1. If I go through the range A:154-194 residue by residue, how many of them are surrounded by 15 or more Cβ atoms within 10 Å (Cβ to Cβ) and outside any helix (DSSP H, G or I)?
2. Check off (1) within 19 Å of the chain's Cα centre (by Cα); (2) within 14 Å of chain B (Cβ to nearest Cβ) for A:ARG368 and give me the number that stays unchecked.
3. Could you go through the range A:365-373 and let me know if any residue there is in contact (Cβ under 8 Å) with a residue 24 or more places away in the chain, part of a helix (DSSP H, G or I) and either touching a strand residue (DSSP E or B) at 6+ places or on another chain (Cβ under 8 Å) or open to solvent by 20 Å² or more (accessible area, probe 1.4 Å) (or both).
4. Within the range B:97-132, which residues are more than 8 Å from chain A (Cβ to nearest Cβ) and closer than 13 Å to A:GLY323 by Cβ?
5. Taking the condition of a type outside the set (Val, Ile, Thr), without any contact (Cβ under 8 Å) to a residue 24 or more places away in the chain and out of contact with any Asp or Glu (no Cβ under 6 Å at 6 or more places or on another chain), does A:ALA185 pass?
6. Do we have B:GLY202 as open to solvent by less than 10 Å² (accessible area, probe 1.4 Å), touching a residue at least 60 places away in the same chain (Cβ under 8 Å) and at positive phi here?
7. Could you look through the range A:304-351, keep only residues that are small (Gly, Ala, Ser) and open to solvent by 10 Å² or more (accessible area, probe 1.4 Å), and pick out the one that is nearest to B:ALA91 (Cα to Cα)?
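The values are calculated or read from the model by the stated rules, or taken from the named source; none is laboratory data. Keep in mind that this is a model prediction, so the values were computed, not measured. Here Cβ is always computed from backbone atoms with ideal geometry, including for glycine, and neighbour counts include all displayed protein chains. Just so you know, the surface numbers come from the protein's heavy atoms only, side chains and all, with ligands and any DNA or RNA stripped out. Shrake-Rupley method; radii C 1.70, N 1.55, O 1.52, S 1.80 Å.
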Amino acid sequence: MSSTLVPEVPVTNGREPAERAPTDWKTHAMQSRIRKRYAAERRFRLLGLGAVALSAAFLVFLLGTMLINGAGGFVRTEIALPLDFPALSLDVEREQLAQRGADLALAGAGLQNAVGVAAVSAFGDEGEDYLADNAWLTVREAIKDDPSILDRRVTIAVPASSRIHLAATDDAEPAIEAAAARLNAAGALTRGFNWSFLTGSDSTDPTSAGIWGALKGSLLTMAVTLALAFPIGVLSAIYLEEYAPKNRWTDLIEVSINNLAAVPSIIFGLLGLAVFLGTFNMPRSAPIVGGLTLALMIMPVIVIAGRNAIKAVPPSIRDAALGVGASRVQVVFHHVLPLALPGILTGTIIGMARALGETAPLLMIGMRAFIGSAPEDLASPATVLPVQIFLWSDQVSSGFVEKTSAAIIVLLVFLLAMNALAIYLRNRFETRW
Amino acid sequence: MTDNSLPATKMSARDVHVYYGATHAIKGVSIDVDQENVTAFIGPSGCGKSTFLRTLNRMNDTIPIARVEGDITLDGENIYSPAMDVVQLRARVGMVFQKPNPFPKSIYENVAYGPRIHGLAPVKSDMDRVVEQSLRRAGLWEEVKDRLHDSGTALSGGQQQRLCIARAIAVDPEVILMDEPCSALDPIATAKIEELIHELRGRYAIVIVTHNMQQAARVSQRTAFFHLGHLVEYGVTSDIFTNPRQERTKDYITGRYG
């Protein structure tokens, strides 16, 4: 019997090979090797810690700057404006104030001028400049709330102009600083939460500029994006993973999707401009077009994440379901999809977060226009938060600096809220049994 | 049953060939599986016994490169004919897999899933009865009756495999295919499954693939020996193990190769 599988024992001149000396673990070389190994471990740990600390520091710096700068954007300075209505002699009928034409009646009676006159008589020749352009609107609301004030002297807190606000909170020209100091000494200046920032839309005057228009634009755009990209992306992922034959065409599709996910976003903007605006003549600056464009952009991300999540579902679950006589569709919708959903949602969050912060493609489809009112539907002109931030950061008026930071805070809160919702949904689906 | 010496044939295969792409995995297998007995498929690894088992309920359909030739009938109906609905076929020919694979749902839902998708128990009380009966037949009821709504994946391996058997039973199949059902289990769990196979015999036609010859000898009445894609020998289990007619069968059983 020749056993070729057993290696021959090497024989050297008929003697056994020399015995190996027992290893001495205590030698100097061994000790220094141990020390070196420990040092390498320590170095690596410190490097990792340093990297984490550095990124945390950047994050803290970023958030800190935003919060400090942006906090001012949520606050406005108000001036206590004494109004002697009998002296101002507004020509307005009392019964008109109870009706729907009250705004028109007060405007027609010259309320805006009357407020200016009151400011001049209270604070001197430049008094009118101390008030914000929309200060008379506050007075109008006060009259509508209680028409009886038209018969007496009252003091109403109205928003101060951006220059007074800056002088009161920050540095400004000496002349206006002095005016603000005088007003402050007279106890006329107060600070209040700027509700109009959360309810108003873009304006050329920083005191009356608000974020609601851009926020609503973002909400509508995101709704369109999600409604299109999620179902189409998930269905594509299911089809490619569960139904499509594996051949050259599906390989080509896979490569194309991977490439699409890496295409710079501005290219999608050009595509939206050419296709949706150029070919289909859809309205410019509209959330529906923004949503369509962003949906195209994040669809590849959802398809890739969805395919990976579906691929990760163990084949034994598919076998089990097929084995009791489930059809392909039942296997997918009863077993594969519920198990893949957490992963799909994670991909969707990443995609949606990217879409929410996207500016470039929306500039291409005209969402950078000045929009003075919140969009009413998907087809009306709108802007979105990141574009609004971009526009305000470009403004020369210094009052917009803190508005920009405040808008960034709103964007981040929106982003956090969206992510929190998605994580909540993901956890819910993960613990369904 | 018409004749005691010739039990009714439940499934029958004639000259079946299976190809995986260019690989010829099953080469002309003809076999009859009868209603009353447990049939064991034995053979060395890679001999095609699992592949052949999966042709019996068309699980190979899910593999795009697999191709099946020849005739396989269930009660005389060709299961590969276009008239046969594959979903119904898999309900009639249930399957238990090598690794226990309960759904990540509750024990109750695991068993109720099959009857629900086939509309076998539309009323809740019917479904409760089906679930209880299936779990009883699978010998699991006493162990899980107080925690039917716990996750099926939290059970031990042996319990999971019996849950999978209960899940297969719940759709009221005619044949149960078992693909090495004990290979992932410890000896005690294995003994329970074997005992269960004894109890299920007669109610369902059972085909079991195993690479454990002692198991085949213990649980089956008919044994088929596969080697390199061929069906080498098929006969009464005691004959195969004590008096094999083929040299290759004898060599395998006596441990010459495997």
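1. Number of matching residues: 11.
2. Every condition holds for A:ARG368 apart from (2).
3. no
4. B:GLN98, B:PRO100, B:ASN110
5. yes
6. On the way: open to solvent by less than 10 Å² (accessible area, probe 1.4 Å): no; touching a residue at least 60 places away in the same chain (Cβ under 8 Å): yes; at positive phi: yes.
No.
7. Of all residues in the range A:304-351, those small (Gly, Ala, Ser) come to A:305-306, A:309, A:312, A:316, A:320-321, A:323, A:325-327, A:340, A:343, A:347, A:351.
Cutting the leftovers down to open to solvent by 10 Å² or more (accessible area, probe 1.4 Å) gives us A:305, A:309, A:312, A:316, A:327, A:343.
Working: A:ALA305: 33, A:ALA309: 28, A:ALA312: 26, A:SER316: 17, A:SER327: 11, A:GLY343: 31 Å.
Looking at residues that are small (Gly, Ala, Ser) and open to solvent by 10 Å² or more (accessible area, probe 1.4 Å), I get A:SER327.
So that you can scan it fast, the table gives a plain yes or no per residue for (1) modelled with pLDDT under 90; (2) of a type outside the set (Phe, Trp, Tyr); (3) in contact with a strand residue (DSSP E or B) (Cβ under 7 Å, 6 or more places away or on another chain); (4) not in a helix (DSSP H, G or I):
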residue: B:PHE225; (1), (2), (3), (4): no, no, yes, yes
residue: B:LEU231; (1), (2), (3), (4): no, yes, yes, yes
residue: B:TYR234; (1), (2), (3), (4): no, no, yes, yes
residue: B:SER238; (1), (2), (3), (4): no, yes, no, no
residue: B:GLY255; (1), (2), (3), (4): yes, yes, no, yes
